[in-house]
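J.: My questions all concern the structure below.
The values are calculated or read from the model by the stated rules, or taken from the named source; none is laboratory data. Small disclaimer: the values here were computed from a predicted structure and weren't measured. With ideal geometry, Cβ positions are generated from the backbone for all residues, glycine too; neighbour counts draw on all protein chains shown.
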C-alpha cells in the first residue's frame, strides 16, 4: 500500500473531509498529510475535518502540530476539527498539548 500508509486516506463526505490517519504519525508522515489536507480543505470548501485515528498506534509532536494547524485553517472558514477513535495514549497526548480545548475529541461519529 506504500503511499496510502504514509499519507492516510482522504474522503470527502458532503461538507466534511475525513482523514484516516496512518499507523504512525510522525515528522515523516505529517508533511504529506498536511499538504493533502490543505489541498482538500481549499478545493472542496469543507466545514469540518475529521481525523480518524482508528489505525494509529504512535503519534509524536509533529502530529500535534498537524492537528493544530489544520484546526486554525478550518476555523478561519468557520469550520471545526474533530478527532475520533484515538487510543488512550493519543488522547493523553492531545490533552497534554491542550488540544482538547481546540478540537472536538469523540469516540466515533
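J.: Yes or no: residue 44 out of contact with any helix residue (DSSP H, G or I) (no Cβ under 8 Å at 6 or more places or on another chain) and surrounded by 18 or more Cβ atoms within 10 Å (Cβ to Cβ)?
T.: no
J.: Which condition from (1) touching a residue at least 40 places away in the same chain (Cβ under 8 Å); (2) assigned to a loop (DSSP other than H, G, I, E, B) is the one that residue 54 breaks?
T.: For residue 54, the exception is condition (1).
J.: While we're looking at this one, here's another question. Exactly one condition in (1) surrounded by fewer than 17 Cβ atoms within 10 Å (Cβ to Cβ); (2) under 18 Å from residue 99 (Cα atoms) is not met by residue 71; state its number.
T.: So residue 71 meets the others, but not (1).
J.: Then there is this: Going by the conditions given, is residue 25 farther than 21 Å from residue 61 by Cβ, surrounded by 12 or more Cβ atoms within 10 Å (Cβ to Cβ) and either at pLDDT 95 or above or more than 12 Å from the chain's Cα centre (by Cα) (or both)?
T.: For residue 25, the condition - farther than 21 Å from residue 61 by Cβ, surrounded by 12 or more Cβ atoms within 10 Å (Cβ to Cβ) and either at pLDDT 95 or above or more than 12 Å from the chain's Cα centre (by Cα) (or both) - is not met.
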